[in-house]
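Every number in this text was worked out from the coordinates using simple rules, so none of it is lab data. The shown structure was predicted, so the numbers you read here are calculated from the model rather than taken from an experiment. Methodologically, a virtual Cβ is constructed for each residue, glycine included, from the backbone with ideal geometry; neighbour enumeration extends over all protein chains shown.
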Amino acid sequence: MRNYKQLLAAFLLSTGTMAIAQTNELVIQTKKVGAEIQPTMYGLFFEDINYGADGGLYAELIKNRSFEFPQNLMGWKTYGTISLQNDGPFECNPHYVRLSTPNHEHKRTGLENEGFFGVGVKANEEYRFSVWARLPQGGRESKIRVELVKPNSMGEHHAFAAQELVVSSGEWKKYQIILKPNMTEPKSVLRIFLASEVTVDLEHISLFPVDTWKGHENGLRKDLAQALADIHPGIFRFPGGCIVEGTDLDTRYDWKKSVGAIENRPLNENRWHYTFPHRFYPDYYQSYGLGFYEYFLLSEEIGAEPLPVLSCGLACQFQNKEMSAHVPLEELDCYIQDALDLIEFANGDVTTTWGKLRAEMGHPTPFNLKYIAIGNEQWGAEYPERLAPFVVAIRKAYPAMKIIGSSGPGSEGDKFDYLWPEMKRLKVDLVDEHFYRPEDWFLTQGARYDNYDRKGPKVFAGEYACHGKGKKYNHFHAALLEAAFMTGMERNADIVHMATYAPLFAHVEGWQWRPDMIWFDNLNCVKTASYYVQQLYAHNAGTNVLKLNMAGKNVTGAEGQNGLFASAVWDRNKNTYIIKVANTSDVDQPITLNFAGLGKKDVLIDGVCITLQSTNPDNDNTLASPQNILPQETKVVIEQHLFNTILKAQTFAVYKFKKGVK
Ligand code: AHR
C-alpha cells in the first residue's frame, strides 16, 4: 500500500502541478458528541406510480383479476361462449365471467390475460393459480384447463405449463393449482379454457409466485422487497404521493377500502394512468391488493417505522382550482375519523373494532404506529384550516402520536414560506418538504438546514431527487449531488429526522416519472446509483453527529471549499467514526481527516473506505448492465490520528475508523 506522500507525489505528477497542493484538512471534533441521529433518519417513500404496486412490488401477475376495470374485459382476450355477469359473491367486485360450451363456430370457450406488460415467469419456480368458481347450471363437475402460453413472432401460441382444475360445486368456492413452468418467459399470457361441457363461472382469477417475500400468499415480489430491506430503512412512508389526495375526493386513497378480504377490496383509479398525457397508461388502476395491512407488515419485516399518509380533505390542488374538490370544514369529521380509526387499526387492542380486523387479517399484536402524516402536497389557507382539527383530535386521542404536516410542493417560494409558520403555529411534530430540483440547486443547498429554527417542528425531507438537466436520468452525477446534499441533512440531524428519496420504483415499460430509485422489468430489477447513495447513508448512519470543519467552517461546497461536502458521525454501538465526503469537483482532491481531541492512548483501527464513483458522470446502471456503478470497499490505514488520502474527482466516499485503546 502506498503512503500519503507517494500518493501526493503521484497526484502532483498526474495533474502536472509544480506547486505544493494544498490539502483539504477536515477536522473532526471527537471529544464533543453531538445530536442524536434518529433511527428514522434514512428511509423509503413508496407510491403506486410507474406500476410500483400493481404490476410491480405487489406480486399478482394478473391484471383486472376481478373484471372491475371500467371496461370489464380490459386485459383479457375472450373466445367462444363467454359472458360477463354482475351478481358475484363479492359485493364490492360483483363482476365475473361465465364460460359455456361453444357454439359450432368455435372449438373452445376461454380467455387469456395479458398480465402487466406480459406475465413474467421463471423456469422451475412454482406459481399459484387461484380462482373462485361455481357450476351455475348444476352438473357434478366441470373442468378448466389453465396454461401459461408463450406467443411467438408467428402469432403461434405454445403452452409451456398446464394443469386441469376440477370445479365441483354449485356454490362459490376458491380453487387453486400450482403451475411449474420449465422455461423462463417474461411475456407469457395466462390462458384458461373450458375443458368439459358443463358451464362454469369464474371470479377473482389470480396468479402469484409461491416464492414471494417472506412467503405470504397475497405477497410481494421477492427481489423488489429484498431490495428495500437491503437498504435497512428507518422509516417507510406509504401509500404516496399524489395518489393519497386523488384527482377528486372519490378517488383519493381510502385506506379502509384497502383492508379485509382481498376479493372484496374495490378497484380505485390510479391518477398516474392519465396525469401526463404523453405517458398515458389506460390500464393502470389500483387493485388495493397491496393495502394498508400489507404496508404495515412490510414495514415491520424490513425493520422500518411505518409512516402512513392520509387525505386531509383536499383533492389534488394542482388539478383542482375550485373549492368543490375540497371537503367543507363542517364535513371533515369522517376524514378525521379515518385517521383515528387507522391508528386503532395499527395499534388498537384486538377487542377494538379496527384492532380486531387487524387480528383477523393475521396480526394480533399491534404494529406500534408512531407517526402519521395528514396531507401530501397541499397549500393555501385551506390546508392549515383542515389540518387543525386533525391535530386536535389526534392529540386528544393519541397524545404520543407524532403528526406530520406539509410545506407544499416546492423547496422554497410563497407556498413554502406561508406553510412553515403555519405548521409551527399548529405545532405539528414534523414538516414534510419536497424537492425535485436540478443539479445547481443541490450544489448550492449544502447549508440548507444549518440555520433552521431549532425550536419548531423537525424536518421530514419526504420526497427528493436530483433531476438532471437534459435527457439524463439516474445518472451518476445526480446521485453524487444527492450524496453531497445529504451531508447537510446529516450535519443537521438534530432537526432533520427523516429523509426519503422519491419515487422508489419504476417499471421500464410503464413509467410516468423519472428518475426513480429502483427500475425493474417483469423478472429482474436494477439498483441505481441513487439507491447506493441511500444505502451507504442508511448503513452508516451512526448514532450522533460530530462537528466537522474545514478552516473553521462547515463543509458545504461553499466558495473556496473545492467542491467538497462533508459530515461526520459517531456510532456508539460500533465505537466507530464515520466520515462522509463528496468531491463534486472535476479534479482529485488531497484530503486530510484530522481526528482532533483523541487521547494519546486512543488508536484508530480497522479503517475502511467505501467509494461510489464513475469516470463518466452520465453513466448509469441498467437492467442490461446493473453493475456499472457499485460501491467499492478498500481497507485503509491511518497514521496516528491523521488520515491523508486523495479523493478522486466526482466521488462520494465513506471513511470508517474504529476507536480502540493502545
Ligand atoms: O413522487 C412523484 C410525485 O411527486 C408524488 O406523487 C407527489 O407527491 C410529488 O409531486
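Placing unit charges on the Cβ atoms of the charged side chains and taking the dipole of the stretch 100-156 about its Cα centre, the candidate lying farthest along the positive direction among Val119, Leu135, Pro102 is Leu135.
Report the net charge of residues surrounding Lys173, where surrounding means a beta-carbon distance below 14 angstrom and charges are Lys +1, Arg +1, Asp -1, Glu -1. Value of the local net charge: -3. The modelled label-to-label distance between Glu197 and Glu559, using points 7 Å beyond Cα along the C-beta direction, is 9.2 nm. A Förster radius of 41 Å combined with the Cβ-Cβ distance from Ala159 to Asp230 puts the calculated FRET efficiency at roughly 0.65.
Can you figure out the FRET efficiency of Gln22 with Ala624, using R₀ = 35 Å and their beta-carbon distance, to the nearest 0.05? Efficiency for this residue pair is about 0.25. In order along the stretch 473-479, phi translates into HN-Hα couplings of 9, 6, 7, 4, 4, 4, 5 Hz, rounded to whole numbers, per the Karplus curve 6.51 cos²θ - 1.76 cosθ + 1.60 with θ = phi - 60° and x for Gly and Pro. Note on the chain: with charges restricted to the Cβ of Lys and Arg (+1) and Asp and Glu (-1), its dipole about the Cα centre is near 2280 debye.
Taking amide H positions as modeled 1.01 Å from N, with prolines and chain starts lacking one, the residues under 5 Å from Phe236 and 5 or more places away or on another chain are Leu44, Glu305, Leu307. Which links in Lys256/Lys472; Lys214/Lys469; Lys122/Lys257; Lys77/Lys143 stretch past 30 Å when you go from one Cα to the other? Where the Cα-Cα span goes over 30 Å, the pairs concerned are Lys256/Lys472; Lys214/Lys469; Lys122/Lys257. For the stretch 138-148, backbone phi angles converted through the Karplus equation (6.51, -1.76, 1.60; θ = phi - 60°) give residue-by-residue couplings of x, x, 7, 7, 9, 10, 10, 10, 10, 9, 9 Hz, Gly and Pro being listed as x. Each residue of the stretch 398-413 is assigned a 3J(HN,Hα), and the resulting list reads 9, x, 7, 5, 8, 9, 10, x, 10, 10, x, x, x, 7, 6, x Hz, derived from the Karplus form 6.51 cos²θ - 1.76 cosθ + 1.60 (θ = phi - 60°), x at Gly and Pro. With the simple model of a label 7 Å out from the Cα in the direction of the Cβ, Lys77 to Asp606 spans 5.9 nm. If only the Cβ of Lys and Arg carry +1 and only the Cβ of Asp and Glu carry -1, the dipole of the stretch 76-209 around its Cα centre is close to 220 debye. Tally Lys/Arg at +1 and Asp/Glu at -1 over every other residue whose Cβ is under 9 Å from the Cβ of Pro306; what's the total? Charge balance in the 9 Å sphere: 0. The listed peptides 597-610, 645-658, ordered by packing as a protection proxy, come out as 645-658, 597-610 (highest mean of other Cβ atoms within 10 Å first). Under 5 Å between amide hydrogens, built in the peptide plane, is the criterion, and for Asn628 it picks out Thr622 among residues at least 5 positions away or on other chains. In this structure the amide hydrogen of His158, modeled in the peptide plane, comes within under 5 Å of the amide hydrogens of Lys150, Asn152, none closer than 5 places in sequence on its chain. Charge tally for Asp349 (other residues, Cβ to Cβ under 13 Å; Lys, Arg +1; Asp, Glu -1): +1. Protection proxy ranking, highest mean first, for peptides 373-379, 194-200, 436-442: 373-379, 194-200, 436-442, where packing is the per-residue count of other beta-carbon atoms within 10 Å, averaged. When the chain is fully extended, how far beyond the present Cα-Cα distance does Lys635 get from Gln29, taking 0.36 nm per residue of separation? Full extension of this stretch gives 215.9 nm more. Compared with the alpha-carbon gap, the fully stretched path from Lys214 to Glu322 is longer by 34.3 nm at 0.36 nm per residue. I want to make sure I understand the PRE zone here: with the label point 7 angstrom from the Cα of Glu91 toward its beta carbon, which residues in the stretch 259-297 have backbone N atoms less than 16 Å away? Label zone hits: 259-267.
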